[in-house]
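Undergrad: Here you go, one structure.
Coordinate-derived values only; no laboratory data. These numbers come from a predicted model, not from an experiment. Because the Cβ atoms are built from the backbone with ideal geometry, glycine has one as well, and the counts that use them run over all protein chains shown.
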Amino acid sequence: MKMNKTWMITATCVVVTSLMTGSAFAKSDNGNNADKADSSKPAVELNVKVNGGADSTVTTDTYGNEGKNGYKGLLKALENVKDKPAGAVIADLLLTNYGAHISDELKAELDAIKDRDAALSAVADVLDEQGSVTDAVYVQKEAVKANLKNLNSYKKLGKLYEKLGKKGVLLYVNGEEPTLEVNPFIKDGSTLVPFRAISESLKAEVTWNAEERSVTVTRGGITVKLFIDSTKATVDGKEVTLEVPAAIVEGNTVVPVRFISEALKATVKWEEETKSVVIYED
């Protein structure tokens, strides 16, 4: 469904301000003042179109200095946009900054509304349409981190990278893009990735045995051992056969990504259109 331009602008105003300045509202150590806005921070402006009528504006300056009217103002704005991307952002602000004033029933409703990755992706769409592809990439990266399991977010990020001229297999581990000395590649239908980059991103310990030409990774009581140029490997001492052998490319050991990820109890997904390898821990 195509999103109304007003809602897209609303999402842009709220999310970009949140990303650059952190929370739009200050948290006070004193519970009685927890809902007061911090006047030293820029006001967040929400442009809300009510029932197709004229735009009305809600800002932290309007509500922030009137006690609980700060969060009441956000609730009022939320009523008009709760099924739009901006509603997800407002719900997140309410839960983060005004949790002490919200009933359990309302918290459950806000949790249902909050869908941060969709809201951030909507902002990335706006920036992309405006020609700010680099900024769109930055925001879309935040969308990826907001929901590690959403392959569509990785797909959108990959398409933005294509616009910037970035090509080849993309690799993400827990929403981050590890630094690689050699790029991932596909061989005989299997994707091979730098072994050390994957292991260290998953906080595993890696050791190299020059005499055996083997590499061993240990994580959470699991030990995986691979032999260079061999389809032989072991997981906790049990021998397994790889579809493609581990190899050394430009001085780096590369291994089949699905094998090493699943052996270390991580989930691995493949996004075909942008050739993205997605690894995350449940």
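Undergrad: Tell me which residues come under 5 Å, amide H to amide H, from Lys187 once H is placed; ignore anything under 5 positions away on its chain.
TA: Here the answer is Leu192, since their amide H atoms fall under 5 Å of that of Lys187.
Undergrad: While we're on this one: Compute log10 of I(q)/I(0) for the stretch 118-167 with the Debye formula, placing one identical point scatterer on every Cα and leaving out solvent, at q = 0.19, 0.24 Å⁻¹, to two decimals.
TA: The Cα Debye sum returns log10 ratios of -0.50, -0.79.
Undergrad: Scan around Gly175 for amide H atoms under 5 Å from its own, H built in the peptide plane at 1.01 Å from N, and keep only partners 5 or more places away or cross-chain.
TA: Ile279
Undergrad: Something else: Through the Karplus equation 6.51 cos²θ - 1.76 cosθ + 1.60, θ set to phi - 60°, convert the phi angles of the stretch 252-257 into ³J(HN,Hα) values in whole Hz; use x for Gly and Pro.
TA: Along the stretch 252-257, the couplings run 10, 7, 10, 9, x, 5 Hz.
Undergrad: If you bin the C-alpha pair distances of the stretch 141-282 every 5 Å from 0, what whole percents do you get?
TA: Going out from 0 Å in 5 Å bins, the stretch 141-282 shows 2, 10, 21, 23, 20, 12, 8, 4, 1, 0 percent.
Undergrad: Treat every Asp and Glu Cβ in the stretch 123-172 as -1 and every Lys and Arg Cβ as +1, leave all other atoms uncharged, and give the resulting dipole magnitude about the Cα centre to the nearest 20 debye.
TA: I would put it at about 320 debye.
Undergrad: Note down the net charge around Gly220, summing +1 for each Lys or Arg and -1 for each Asp or Glu among other residues with Cβ under 15 Å from its Cβ.
TA: Once all neighbours under 15 Å are counted, the net charge is -3.
Undergrad: Report the charge-dipole magnitude of the stretch 182-265 in Debye, nearest 20, computed about the Cα centre from +1 at each Lys and Arg Cβ and -1 at each Asp and Glu Cβ.
TA: Its charge dipole is roughly 220 debye.
Undergrad: Follow-up. For a test of the definition: using alpha carbon positions, the gyration tensor, and the 1.5 limit on a/c, classify the stretch 110-207 as rounded, prolate or oblate.
TA: Values: a/c = 2.43, a/b = 1.51, b/c = 1.61.
Because a/c hits 1.5 or more and a/b fails to exceed b/c, the stretch 110-207 counts as oblate.
Undergrad: Write out the trypsin sites (Lys or Arg not before Pro) in the stretch 173-265 meeting two conditions: DSSP loop, and at most 15 other Cβ atoms within 10 Å of their Cβ.
TA: Here the trypsin sites (Lys or Arg not before Pro) that fit, given the DSSP loop and packing criteria, are Lys203, Arg213, Lys265.
Undergrad: I'd like the distance between the alpha-carbon centres of the stretch 218-243 and the stretch 258-282, rounded to an integer number of Å.
TA: Distance between centres, Cα-based: 17 Å.
Undergrad: Give me, ordered by chain and number, the residues 5 or more places off Val255 or on other chains with an amide H under 5 Å from its own placed amide H.
TA: Close amide H contacts, sequence-distant or interchain: Val193, Phe195.
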